[in-house]
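Here is the structure we will look at, set down as structure tokens.
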Amino acid sequence: MKNRQLGPLAQKLYIKTYGCQMNVYDSGRMADVLAPLGYTLADSPEDADMVILNTCHIREKAAEKVYSELGRLRRLKTAREKQGGRMILAVAGCVAQAESEEILDRAPFVDMVFGPQAYHRLPELLAGLKRAGKAVLDTDFPPEPKFDHLPKDIPDPGAPGTSAFLTVQEGCDKFCTFCVVPYTRGAEYSRPAEDVIAEAARLAAAGVREVTLLGQNVNNYHGAGPAGPGSPETWGLGRLIRELAETDGIERIRYTTSYPADMNDELIAAHADVPELMPFLHLPVQSGSDTVLKAMNRRHTADDYRRLAGRLRGARPDIGLSSDFIVGFPGETDADFAATLRLVEEIGFVQAYSFKYSPRPGTPAAAMDAQVPETVKSERLEALQDVLNAQQLAFNRSCVGRVLPVLLDRPGRKPGQLVGRSPYMQAVHVDDPIEGPGAIVRLVITAAHANSLKGGVEGARGQGAGGQGAGAEPIAERASA
Ligand code: 5AD
Ligand code: SF4
């Protein structure tokens, strides 16, 4: 391996994030860990002294994408070195965890490779790189939880925006036969409730109004409750949500991603009683066929999912459900796929993600017989997406005329326009917003598209603030603005 000459510590950091929301959260925490060392964020790799690729390994081609990005960055690094400068190149996240040394073999110009459990050790890794002058690797699963080692007082965390992710749980013990997560993220771990509550309070103080609680199995959260007389030893997610709803400034709470078999009564009841909990739930079912679900090692049947949807709707009649689907899992027949379509028709999803099964090295399904041909996977994906897209559009259209509370969070493309999120995660555009980002405004929905809505400020047509727009129906969510 080539030796490296490192100068004084680099100061500008660029992080490219692939994949899931947890990676977005992790990238933020890496920036926090590096801030005390003097790193501030750069807008592009061209401006950066250190580039981290925070990678995702969930589906095929992820690793190949990383290698082609590394090829581009290598040219940048070489050009920089020719001019006497330097660039530290790091690969983090699940591809790093899964491929480990292989990355350094294939891309020997990479300086650091570390997995999702190691980012709190970034300062040590940087020191090690400087000391050794050669690439450093950290893909161990450490015994101590990384959350205990993350900085609590960040010198300049930057503006987190109006909506933020907050990881409460990590890892997965479910071992669905198609999935790499139990191998790349390790065993399930829940953060103590007090830590989560303190982080939510810090976010609220920085202007955040909506938190999305993250975990690969977030609804199996079982964190230590605060010590004290009468406290239960561990809290479930329902209890945690009730407490978080008391945080001053936090107006909206969401959580993702949930495993159907882990939806318990306490959590379902929170959907009925906690107005801050948004009426939207991403609850992946993957397939509507019991045979496929069994082969996937999912611990629920299609009917379990139907019953669960019924219980959720009993608790919160206006809840919108979202799901993930995999088509072309090994052995999936036309009849199995038809069962998936049937389930989709019966449940009615407000949005969904669907994927062709992609064999992941080291997972049981990759070695199963009866892999489904690519052409069949493509046909099924198209058929499923036709139905899902139609459901999404129908739901969006059903919002026209309703008044929805929208959390404004960013400028739109047109001058003066703002974009926000409805309770159901729809992007809502408003041309004359009156209030700025961070406000939750009641908007009359005037138009619906496949992926977004258009809204106008309620009362702008003469009804007065707080009144109902023509044809609008009241909705169950508390008006927060
Ligand atoms: N092939 C296709 N899709 C997958 N997912 C996870 N692993 C695979 C795979 N091997 C999908 C699942 C999961 C989502 C995050 O990614 O639907 O819920
Ligand atoms: Fe993967 Fe299944 Fe765990 Fe979800 S529940 S992370 S799909 S193993």
Contour minus Cα-Cα span, ALA370 to VAL387, at 0.36 nm per residue, comes to 3.5 nm
So, for the Cα atoms of the chain, Rg and Dmax in Å stand at 23.5, 72
Computed over the stretch 403-467, the relative contact order (Cα-Cα under 8 Å, seq sep at least six) in percent reads 29 percent
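Which whole number of Å³ per residue matches the convex hull of the alpha-carbon atoms in the stretch 30-102?
Numbers: hull volume 8.0 nm³, N = 73.
With only Cα atoms used, the stretch 30-102 gives 110 Å³ per residue.
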Summing -39500 (n - 2.57) over every DSSP H run of at least 4 residues in the chain and dividing by its residue count gives a helix-only mean residue ellipticity at 222 nm, to the nearest 500 deg cm²/dmol, of -9500 deg cm²/dmol
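For the pair GLU102 and SER44, what calculated FRET efficiency results from E = 1/(1 + (r/R0)^6), where r is the Cβ-Cβ distance and R0 = 25 Å, to the nearest 0.05? Let's see the in-between values first.
On the way: r = 28 Å, r/R0 = 1.11.
Given R0 = 25 Å and the Cβ-Cβ separation, E is 0.35.
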By the mean-Cβ-within-10 Å protection proxy, highest first, 123-135, 438-450 rank as 438-450, 123-135
So for R0 = 60 Å, FRET eff. of GLU243-ALA79 from the Cβ-Cβ r, to 0.05, ends up at 0.70
Per the Cα gyration tensor, the stretch 381-435 corresponds to an equivalent ellipsoid with semi-axes, largest first in Å, of 26, 13, 9
Scattering profile of the stretch 403-467 from the Debye formula, Cα beads only, expressed as log10 I(q)/I(0) at q = 0.13, 0.21 Å⁻¹, is -0.28, -0.75
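Rounded, prolate or oblate, given the Cα gyration tensor of the stretch 226-290, with a/c below 1.5 counting as rounded?
Oblate, since a/c reaches 1.5 and b/c is not below a/b.
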Rounded to the nearest Å, the spacing of the alpha-carbon centers of the stretch 432-452 and the stretch 311-376 is 32 Å
For the chain, averaging the sequence separation of alpha carbon pairs under 8 Å that lie six or more residues apart and dividing by its residue count, the contact order in percent is 9 percent
One would report the antiparallel percent of DSSP beta bridges in the chain, rounded to the nearest 5, as 35 percent
Loop-resident trypsin sites (Lys or Arg not before Pro) in the stretch 243-299 with no more than 15 other Cβ atoms inside 10 Å, DSSP not H/G/I/E/B, are ARG299
Here the cysteines of the chain lacking a cysteine partner under 4.7 Å (Cβ to Cβ) are CYS20, CYS56, CYS94, CYS172, CYS399
The answer for the per residue Cα convex hull volume of the stretch 171-302, in Å³, is 117 Å³
Gyration tensor on Cα atoms of the stretch 11-138, a ≥ b ≥ c root eigenvalues, a/c under 1.5 rounded, else prolate if a/b beats b/c, else oblate, says rounded
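Coordinate-derived values only; no laboratory data. Since the structure is predicted, the reported quantities are computational estimates derived from the model, not experimental observations. Glycine gets a Cβ as well: all are built from the backbone with ideal geometry, and neighbour counts include every protein chain shown.
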